[in-house]
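A quick write-up on the structure given underneath.
The values are calculated or read from the model by the stated rules, or taken from the named source; none is laboratory data. This structure is a prediction, so every number in the text was calculated from the model and none was measured. Every residue, glycine among them, receives a Cβ derived from its backbone with ideal geometry; neighbour counts consider all protein chains shown. SASA here: full protein model, heavy atoms, side chains in, ligands and nucleic acids out. Shrake-Rupley method; radii C 1.70, N 1.55, O 1.52, S 1.80 Å.
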Amino acid sequence: MSEKKQFRAIKGTRDILPPDSARWNWFENTAREVFESYNFGEIRLPIFEETDLFARAIGADTDIVSKEMFTWNESGPSVESTLQQMWLLKHSAELHSASSHPVFANRARPDLVVRTDEGVSIIEFKRRTINQLTVANVLQYRKAFEEQFPKEKSAKLLLVFAEEPSAFVDKLARENGVEIEVLSIPDYEPQQVSLRPEATVSVCRTYIEHNMQALPGNQKLYYIGPMFRRERPQKGRYRQFYQIGAEVLGQSDAPAIDAEVLEMLLVFFRRVGLTRTTLYVNSIGDKNCRPQYVELLREELRKVKDKLKEDSQRRIETNPLRVLDSKIPEEQPMIETLPRISDHLCDDCRAHFARLKEELNLRGIAYKESWRLVRGLDYYTRTTFEVTAEGLGSQNAVCGGGRYDGLIELLGGPRTKGIGFAIGTDRSILSIEEGGEAPKLGGLTAYIAWMGQASYPAAVSIAKKLRAASLAVELPAEEMKFKKSLGLADKLGARYGVIIGEDEVASRTFTLKRLADGDQRKLSEGELLEYLESERRS
Ligand code: AMP
């Protein structure tokens, strides 16, 4: 016995082997067909992004960002040092003349650039991206500077960024009179990157990066691929799992968009035989009404803090909505007594939700309202939804989604409305299989049993022709006795054996044997092709 280490797939990751992979392909291709019939186009995204992107969009207090991301540091020049070099090159003369200024007295590298009448500058390099800089802290810098150097009251900030100017920069300049210079770094590399835990955020980044608001109509995009979260692995929960998601981004937040997205989702589920499902919908308000509700919820939760477990206790302060997600049995009676968002929606959100329900009825979509459906991520507004399926135990959500109207702006993009969902492929396929609804797919059509070197060229030739007709064909590379060959054909699950021996070569025919019942017939090449092709169609 070898003492060599046996490598295994890492906990929480899985190998999907044939023939199961055929089911995965069928599932994903059906999604492509259905989504494209609703005029969605596929978007292929990177599987890792700058860590800050996820932190900002999903929320630093969420489990996903605070505990579950696979994150690593990139080597190579930092943003700071690249910026410094570029800036120094550009402003060396200016800096030189300023080097006697007291600001530089005790600093090798200045922190913040401020242009004054005298051309004196200080540079801020510590903040790596616009996303980490707020209007408030920029103004704070200016105030600190003005206090430190009262004689230079006319000072204006000169900010140096690693990115293109964004709405944030405009706002700073327009509303606060801050002078801004942007240096963009061509080979800008973020220092910290993460495997994506989800893809909505990447779609939004792409939308901004590619200026998609300039394109006509709503952007209707779907993606298919793996996501990564460091969760405790169990049935239906993996560290590498697969999602199929769709997003609609544009200027309108019409409830008909939400309803059409849900219709498409359910049409897809029906098409793949995932019918034992329940759709739950809710509205979690928007920036006008949710903050008050969250505050009210927080106050009520503080009163019953002792009855909650540690996680929920912490969430009272960090993210009280998440307490409503709790599955802990002891907490349930108390949660049921909490104030409900539906009683605290503003008029616009209430009307939006009412209209959505009318739209769902119009489309014959059955749903249940669930006031506790708040979803784990910070970016949701108004409509939230989830689909659960049978046969999955506690991990029974097969799809989650909702509206995220402020997300693009939060990432520095233009005012944009958005809604989308993500289907969990792993769980959906589990549920389809457990329900016995999975169709039989693919499989080997023909096994070419050849014997004698004289028959080999005919075997190669017919295999090529059958494959050109998109039939699955196995051609053994080495000669075998017919008995052994056909025995293997049977084990491989081939439906037919195509027998080529001396007789067949001499008569320029093929013997076709149906392996299920042994039925055998002699056919010419044309007849064989025609027969097997019609078999495939039937
Ligand atoms: P979420 O982005 O958390 O709303 O997830 C959307 C869907 O992805 C869920 O309803 C699940 O079906 C699936 N999903 C999320 N996390 C996992 C995981 N760790 N393993 C398998 N599927 C998952």
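For the stretch 404-460, the share of accessible area belonging to carbon and sulfur comes to 57 percent (1.4 Å probe, ligands and nucleic acids excluded). Compute the FRET efficiency between K481 and A506 as 1/(1 + (r/R0)^6), taking r as their Cβ-Cβ distance and R0 = 22 Å, and round to the nearest 0.05. Computed FRET efficiency for K481 and A506: 0.70. Once both labels are positioned 7 Å from their Cα atoms along Cα-to-Cβ, the gap between R270 and K327 label points is 2.9 nm.
Global size of the stretch 417-460: 22.2, 69 Å for Rg and Dmax (C-alpha atoms, Rg to one decimal, Dmax whole). When the solvent-accessible area of the stretch 265-320 is split by element, carbon and sulfur atoms take up 45 percent of it, the probe being 1.4 Å. Shown here is the pair-distance distribution of the stretch 263-357: with all Cα-Cα distances grouped in 5 Å bins from zero up to the longest one, the shares run 2, 12, 19, 16, 14, 13, 12, 8, 3, 0 percent. Fully extending the segment from K5 to R514, taken as 0.36 nm per residue of separation minus the present Cα-Cα distance, adds 178.8 nm.
What is the stretch 283-413 by shape, rounded, prolate or oblate, if you read a ≥ b ≥ c off the alpha carbon gyration tensor as root eigenvalues and call it rounded for a/c under 1.5, prolate for a/b larger than b/c, and oblate otherwise? It is oblate, given that a/c is not under 1.5 and a/b is not larger than b/c. Probing with 1.4 Å while keeping every protein chain in the model, the per residue accessible area of the stretch 446-537 equals 57 Å². Projecting the Cα atoms of L532, Q520, L410 onto the charge dipole of the stretch 400-538, computed from C-beta unit charges around the Cα centre, puts L410 farthest toward the positive end. Taking the Cα centre of the stretch 272-390 as reference, the dipole from Cβ charges on Lys and Arg (+1) and Asp and Glu (-1) amounts to some 100 debye. Can you give the charge dipole size of the stretch 446-537 about its Cα centre, rounded to the nearest 20 debye, using +1 on the beta carbon of Lys and Arg and -1 on the beta carbon of Asp and Glu? Result for the stretch 446-537 is approximately 200 debye, rounded to the nearest 20. Does the stretch 429-538 come out rounded, prolate or oblate by the C-alpha gyration tensor, with a ≥ b ≥ c the root eigenvalues, rounded set by a/c under 1.5 and, if not, prolate when a/b is larger than b/c and oblate if not? Prolate, because a/c is 1.5 or more and a/b exceeds b/c. Taken along the Cα-to-beta-carbon direction at a fixed 7 Å, the label points for A254 and E28 span 3.3 nm.
Annotation: extensible slack from A60 through E336 equals 96.6 nm (criterion: 0.36 nm per residue apart, minus Cα-Cα distance).
Taking 22 Å as the limit for the C-alpha separation, the pairs K5/K491; K464/K522; K235/K368; K481/K513; K368/K417 exceed it in the case of K5/K491; K235/K368; K368/K417. Go ahead and run the numbers for FRET between D20 and S524, Cβ-Cβ distance against an R0 of 35 Å, rounding to 0.05. With R0 = 35 Å, the Cβ-Cβ based efficiency is 0.40. For E317 and Q292, a Förster radius of 25 Å and the Cβ-Cβ distance give a FRET efficiency of 0.90, rounded to the nearest 0.05.
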